[in-house]
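The values are calculated or read from the model by the stated rules, or taken from the named source; none is laboratory data. Just so it is clear, the model here is predicted, and its values are computed rather than measured. Cβ atoms come from the backbone with ideal geometry, glycine included; neighbour counts cover every protein chain shown.
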Amino acid sequence: MTGELGRILAGRVGALVPVLFGVTLLVWAMSALALGDPARASMGQRADPAAVERIRRELELDRPAPVRYVRWVGRLVRGDLGRSLRDRRPVTAVIAERLPATVRLAVAATLVSIAVGVPVGVVAAARRRSLLDHALMAGAVLGISTPVFWLGMMLSLVFAVWLGWLPVSGYGGGDWLHLILPALTLGALHTGVVARMTRASLLEVARQEFLQTARAKGLSEFTVVMKHAFRNAAIPVVTVIGLGLGNLLVGAPLTETVFAWPGLGRLLVVSVDQRDVPVAMGVVLVFALVYVLGSLLVDLVYLAVDPRTRHAAAR
Amino acid sequence: MALSADPPTLDPALATDLTSAAVVRQLFDTLVELDEGLTPGPALARSWTVSPDRRVYTFLLRRDVRFHNGRLLEAADVKYAWERAARGKRPWVFEKIAGAREFIEGRAREIAGLRVADPATLEVRLAAPFAPFLYLVAYDAAAVVPREEVERLGADFATNPVGTGAFRLARWRRDDELVLERFPGHFRGPALLDAVAFRILPEDLTRLNEYRAGQLDVTGVPASYCRVVEADARLRGDLVTWATLGTQGLRFNVESAPWTDVRARQAVAHAIDASLVVKTVQYGCGVPARGILPPAIPGAPAAAARLPYDPERARRLLAEAGVTGGPGRPRLTYHYNTGTPNQRLAELLQAQLRDVGIDLQLRRLDWAAYLTLVDEGRTGFYRQAWIADYPDPENFLTVLFHSRNVGAAGNTSRYRSPVVDRWLDEADAMAPGPERNRRYAEAERRIVDDAVYIPLYHLTSRALVREDVEQLERSPLSSAPEFLSPLRKVWLAR
């Protein structure tokens with residue numbers, strides 16, 4: 001069994017390589033085709049042509065784009081993501097500096113989505129078609145559809161400016177109070193998705209005969225829902241949570257901008273704006289890696305929990 | 001205090017933006033410093049003399065200036081720093097010095113016009129007299145850096161700067177907070193503040209909320225929030241407003257049809273109501289432009305130089321130029337870079353030009369793409385704001401409209417007028433005075449009449465400053481939330 005799981009795992013990990021390669025190629029092609037020159041953009045409105053040319057040479061921008069890409073991939077294999085065009089620092093160092101802030105935010109937002117989304121989904125399923133169900137699901141849709149930018153500003157205005165309970169923005173040197181509003185903002189979108197998926201999965205499982213058996217055995221409704229129904233409904237919910245980690249990263253640039261959070265999202269925004277291609281490539285690579293690892297994690301959970309998927313994968 | 005972006009660099013040779021400049025000016029010193037009234041005064045140089053032909057400046061340096069690493073500053077440091085910066089991102093700051101162009105282009109090993117006479121004397125010979133030269137000496141690109149630290153740190157000097165400034169870098173968490181601490185060995189004596197923390201807050205509303213929550217002592221107020229602040233009884237008293245030496249306007253590439261025809265350009269100028277632009281784009285909190293030169297710039301003409309709003313005349317000129325809208329005619333395109341005010345301006349422009357029969361197509365680009373498009377002359381009609389690097393008409397008119405600056409150097413309109421070139425050349429070399437001002441006024445009048453540039457409004461800085469913050473100068477070269485004034489003078493009355 002372990003050997004079988006190992007083979008499947010090796011296959012999945014192996015499949016990640018072409019995916020990540022494709023992502024880098026796509027980002028590189030887009031940056032090469034986009035109008036705008038990093039050397040020129042770094043010089044402000046008034047630029048001396050001789051200085052622009054010199055900086056282009058220093059940054060190796062005078063070489064053809066495919067040559068730069070091949071060199072970049074060559075360095076990547078050795079774990080070197082190149083240097084930032086903005087301040088010439090190693091991209092790995094720039095990313096390593098920002099990664100903890102983004103991970104903190106993404107994990108906190110995920111916890112928010114689980115802590116709020118799962119109970120909301122369970123209650124809504126248990127009170128199916130009641131007023132409470134409709135109200136909770138309306139709230140979930142609101143969470144999904146509210147723009148992150150607007151929600152962040154509103155939370156900040158109410159809890160930081162009016163009530164003065166929490167800081168308005170900033171990392172605060174890692175103080176957890178600074179994490180609350182960004183995590184609530186970023187988590188709101190995902191909370192709605194988790195709540196809806198939890199409700200749908202529970203209702204799907206509720207139709208299964210084994211639950212009737214459990215009830216017939218005289219178990220309480222709480223035990224039926226939590227012990228029997230929820231465990232079976234958990235797989236799709238875990239899928240949504242795992243894949244949602246990628247979505248949280250996608251939402252991070254806006255949240256990080258509103259709350260002046262020094263993470264990868266803001267780094268991506270600035271590097272794209274400044275045509276700092278090596279940094280933008282590095283951040284996108286990290287995002288892609290998190291996304292595919294999230295998918296892999298979900299696959300592994302499936303394989304571990306559901307024997308049917310294991311057999312299917314082995315075939 | 002707040003910064004609207006993380007400074008891309010703290011190396012004066014590489015900084016090109018106001019955010020970096022706001023910090024660089026606290027970490028480094030220049031030979032000359034401008035006061036709030038924009039008058040050059042001594043800084044690293046205790047005095048200077050100018051030769052009768054106004055080509056040779058001799059700076060006598062202070063002998064008590066120490067870098068943050070403890071070493072005494074010498075004239076050789078200035079020569080090193082200037083030559084290094086001349087091959088940085090703002091070589092134009094040094095190009096008036098004899099031999100600088102050869103050095104910038106790699107054809108000389110040093111700038112011939114820079115001579116270290118002795119450890120305390122630097123002699124600077126210009127290629128030709130240039131009235132605003134002292135302003136260039138006061139510019140942050142001309143800040144003095146210690147050679148040994150630059151060579152030791154290499155590229156890391158940009159993030160570990162060592163200068164002579166009243167403050168030194170204490171810590172910098174990128175995109176979060178940058179803290180400066182007082183440098184006790186500063187030649188003017190220690191700064192009054194122990195430390196200055198710059199919070200990096202990209203969003204206007206976030207900065208305003210931080211100020212409301214008592215977490216900032218100073219912050220800028222963008223035009224979009226000026227009415228909100230004025231209406232807020234708790235904030236109103238802290239609001240300060242001052243003129244920034246900048247103008248927002250529209251430019252034509254005169255080599256791109258139909259803008260090759262002066263009548264087409266004039267028609268657009270007559271079709272735009274600058275007062276409405278201020279009302280809409282600036283929320284009424286601004287000053288309609290009366291010309292290209294901001295009124296606060298020393299030497300700016302008293303009389304307005306702007307084509308008046310006259311839609312009827314605009315229609316007539318368009319008909320004469322054959323640019324009236326209609327079937328089969330190409331749509332005209334306006335390019336602008338991203339940003340809410342720019343978007344509002346573009347939409348207003350589209351509406352105003354529709355009134356005179358022009359069907360304007362809007363094309364929005366990010367900053368890097370926009371710069372490339374404009375530099376390469378691939379747009380005919382576009383937006384351009386200009387904030388003075390130094391307070392002189394030359395920095396507007398010569399840089400933006402002289403034919404030798406066609407392209408990325410400033411004249412993106414590709415405007416070539418021999419008479420304007422002559423007036424500008426004459427004025428640039430003259431000593432400050434009424435005759436020089438008259439030349440610039442003539443040049444400005446001609447440029448506006450040729451409708452190469454349509455001035456819309458002059459830039460205004462607004463900031464919230466707590467009443468116990470004392471001596472924060474509001475330099476017209478600053479653009480809030482970034483302050484270019486020396487923070488060594490600031491103290492807190494609390």
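Away from chain B (no Cβ under 14 Å), at pLDDT 90 or above and under 23 Å from residue A:118 (Cβ atoms): does that describe residue A:183?
Numbers: away from chain B (no Cβ under 14 Å): yes; at pLDDT 90 or above: yes; under 23 Å from residue A:118 (Cβ atoms): yes.
Against the criterion (away from chain B (no Cβ under 14 Å), at pLDDT 90 or above and under 23 Å from residue A:118 (Cβ atoms)), residue A:183 qualifies.
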Check: For segment B:43-65, which residues satisfy the criterion of being buried (at least 16 other Cβ atoms within 10 Å of the Cβ) and among the charged types (D, E, K, R)?
Finding: B:46, B:54, B:55, B:62
Check: Among (1) under 24 Å from residue B:55 (Cα atoms); (2) away from chain A (no Cβ under 14 Å); (3) free of Cβ contacts under 8 Å to residues at least 60 places away in the same chain; (4) under 23 Å from the mean Cα position of the chain (by Cα), where does residue B:393 come up short?
Finding: (3)
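How about segment B:183-228: which of its residues are small (Gly, Ala, Ser), away from every other protein chain (no Cβ under 14 Å) and in contact (Cβ under 8 Å) with a residue 12 or more places away in the chain? Steps first, please.
Initial filter on segment B:183-228 (small (Gly, Ala, Ser)): B:185, B:189, B:191, B:195, B:197, B:213-214, B:220, B:223-224.
Checking the rest, the ones that are also away from every other protein chain (no Cβ under 14 Å) come to B:185, B:189, B:191, B:195, B:220, B:223.
Within segment B:183-228, B:185, B:191, B:195, B:220, B:223 qualify.
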Margin query: Condition (residue is among the acidic types (Asp, Glu) and closer than 30 Å to residue B:353 by Cβ) applied to segment B:411-430: is it met by at least one residue?
Written below: no
Notebook entry, point to check: Are there any pairs, at least 6 apart or on different chains, whose C-beta atoms fall under 6 Å, with the first in segment B:153-173 and more than 23 Å from residue B:32 (Cβ to Cβ) and the second hydroxyl-bearing (Ser, Thr, Tyr) and assigned to a loop (DSSP other than H, G, I, E, B), and if so, which?
Noted result: B:158/B:9
Check: Just for helices (runs of 4 or more DSSP H) wholly inside segment B:270-368: which have at least 2 residues that are of a type in the set (Ser, Thr, Tyr)?
Finding: B:274-281
Next item on the list: Restrict the check to segment B:144-161 and report whether at least one residue is within 11 Å of another protein chain (Cβ to nearest Cβ) and touching a strand residue (DSSP E or B) at 6+ places or on another chain (Cβ under 6 Å).
Entry: no
Next item on the list: Give B:319, B:304 a once-over and let me know the one that is more than 33 Å from the chain's Cα centre (by Cα) and either closer than 19 Å to residue B:268 by Cβ or without any contact (Cβ under 8 Å) to a residue 40 or more places away in the chain (or both).
Entry: B:319
Check: Got at least one residue in segment B:84-106 being more than 14 Å from chain A (Cβ to nearest Cβ), in contact with a helix residue (DSSP H, G or I) (Cβ under 8 Å, 6 or more places away or on another chain) and surrounded by fewer than 19 Cβ atoms within 10 Å (Cβ to Cβ)?
Finding: no
Margin query: Let me spell it out: the conditions are (1) within 25 Å of residue B:285 (Cα to Cα); (2) assigned to a loop (DSSP other than H, G, I, E, B); (3) over 21 Å from the mean Cα position of the chain (by Cα), and residue B:431 meets all of them except one. Which number is the exception?
Written below: (1)
Margin query: Just to verify a result, which residue in segment A:158-174, among those that are outside any helix (DSSP H, G or I), touching a residue at least 12 places away in the same chain (Cβ under 8 Å) and facing chain B (nearest Cβ under 7 Å), is surrounded by the fewest Cβ atoms within 10 Å (Cβ to Cβ)?
Written below: A:170
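Do we have any residue at all in segment B:452-459 that's under 24 Å from residue B:25 (Cβ atoms), under 18 Å from the mean Cα position of the chain (by Cα) and in contact (Cβ under 8 Å) with a residue 60 or more places away in the chain? Before you say what the answer is, go through the steps one by one.
Our first condition is that a residue be under 24 Å from residue B:25 (Cβ atoms); within segment B:452-459, this holds for B:458-459.
Subset that is under 18 Å from the mean Cα position of the chain (by Cα): B:458-459.
Of the ones still in play, those that are also in contact (Cβ under 8 Å) with a residue 60 or more places away in the chain are B:458-459.
Yes, because at least one residue in segment B:452-459 is under 24 Å from residue B:25 (Cβ atoms), under 18 Å from the mean Cα position of the chain (by Cα) and in contact (Cβ under 8 Å) with a residue 60 or more places away in the chain.
Could we say that residue A:7 is within 11 Å of another protein chain (Cβ to nearest Cβ) and not acidic (Asp, Glu) here?
no
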Margin query: Take residue B:422 and tell me if it is in a loop (DSSP other than H, G, I, E, B), over 21 Å from the mean Cα position of the chain (by Cα) and not hydrophobic (A, V, I, L, M, F, W, C).
Written below: no
Check: Restricted to segment A:44-80, and to residues that are more than 27 Å from residue B:12 (Cα to Cα) and aliphatic (A, V, I, L, M), which residue is surrounded by the fewest Cβ atoms within 10 Å (Cβ to Cβ)?
Finding: A:77
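Do the conditions hold for residue B:205, that is, is it touching a Phe, Trp or Tyr at 6+ places or on another chain (Cβ under 9 Å) and either under 23 Å from residue B:18 (Cβ atoms) or at pLDDT 95 or above (or both)?
Details: touching a Phe, Trp or Tyr at 6+ places or on another chain (Cβ under 9 Å): yes; either under 23 Å from residue B:18 (Cβ atoms) or at pLDDT 95 or above (or both): yes.
Answer is yes for this residue.
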Margin query: So, residue A:188, is that one under 18 Å from residue A:118 (Cβ atoms), at pLDDT below 80 and part of a helix (DSSP H, G or I) or not?
Written below: no
Next item on the list: Evaluate segment B:27-42: report whether one residue or more is touching a residue at least 60 places away in the same chain (Cβ under 8 Å), buried (at least 23 other Cβ atoms within 10 Å of the Cβ), outside any strand (DSSP E or B) and within 17 Å of the chain's Cα centre (by Cα).
Entry: no
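Residues being touching a residue at least 24 places away in the same chain (Cβ under 8 Å) and either farther than 24 Å from residue B:409 by Cα or at the interface with chain A (Cβ under 9 Å from one of its Cβ atoms) (or both): count how many of those fall in segment B:16-26. Show your work before the answer.
Initial filter on segment B:16-26 (touching a residue at least 24 places away in the same chain (Cβ under 8 Å)): B:16, B:18-19, B:21-26.
So of that shortlist, the ones also either farther than 24 Å from residue B:409 by Cα or at the interface with chain A (Cβ under 9 Å from one of its Cβ atoms) (or both) come out as B:16, B:23, B:25-26.
Residues flagged as touching a residue at least 24 places away in the same chain (Cβ under 8 Å) and either farther than 24 Å from residue B:409 by Cα or at the interface with chain A (Cβ under 9 Å from one of its Cβ atoms) (or both) within segment B:16-26 amount to 4.
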Check: Within segment A:207-216, is there a residue that is away from chain B (no Cβ under 14 Å) and β-branched (Val, Ile, Thr)?
Finding: yes
Check: Do you know which residues across segment B:66-85 are farther than 16 Å from residue B:30 by Cβ and either part of a helix (DSSP H, G or I) or free of Cβ contacts under 8 Å to residues at least 40 places away in the same chain (or both)?
Finding: B:72, B:76
Checklist line | Among (1) touching a strand residue (DSSP E or B) at 6+ places or on another chain (Cβ under 6 Å); (2) closer than 26 Å to residue B:166 by Cβ; (3) not β-branched (Val, Ile, Thr) - the single one residue B:74 does not satisfy | finding: (1)
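Say we look at segment B:369-390 and pick out the residues that are assigned to a strand (DSSP E or B) and within 14 Å of chain A (Cβ to nearest Cβ); which of these is farthest from residue B:323 (Cα to Cα)? Reasoning before the result, please.
As a first pass, look at segment B:369-390 and keep what is assigned to a strand (DSSP E or B): B:381-387.
Applying the additional criterion that residues be within 14 Å of chain A (Cβ to nearest Cβ) yields B:382-387.
Values: B:382: 18, B:383: 20, B:384: 23, B:385: 26, B:386: 29, B:387: 32 Å.
Per the criteria, the residue is B:387.
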Notebook entry, point to check: Which one is farthest from residue B:210 (Cα to Cα), of the residues in segment A:225-277 that are more than 18 Å from the chain's Cα centre (by Cα), of a type outside the set (A, V, I, L, M) and more than 14 Å from chain B (Cβ to nearest Cβ)?
Noted result: A:228
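Where in segment B:164-265 are the strands (runs of 3 or more DSSP E), entirely inside, with at least 3 residues that are aliphatic (A, V, I, L, M)? It would help to see each step written out before you state the result.
Numbers: elements: B:167-173, B:177-182, B:195-200, B:218-220, B:239-252.
Output list reads B:177-182, B:195-200, B:239-252.
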Check: Within the bounds of segment A:18-34, is there any residue that is under 27 Å from residue B:92 (Cβ atoms) and at pLDDT below 85?
Finding: no
Margin query: Could you tell me how many of the residues in segment B:151-165 are more than 27 Å from residue A:262 (Cβ to Cβ) and surrounded by 16 or more Cβ atoms within 10 Å (Cβ to Cβ)?
Written below: 1
Notebook entry, point to check: Under 6 Å by Cβ, and 6 or more places apart or on different chains, what pairs join a residue from segment A:17-35 that is closer than 17 Å to residue A:63 by Cβ with one that is modelled with pLDDT of 80 or more and assigned to a helix (DSSP H, G or I)?
Noted result: A:28/A:69; A:31/A:277; A:32/A:65
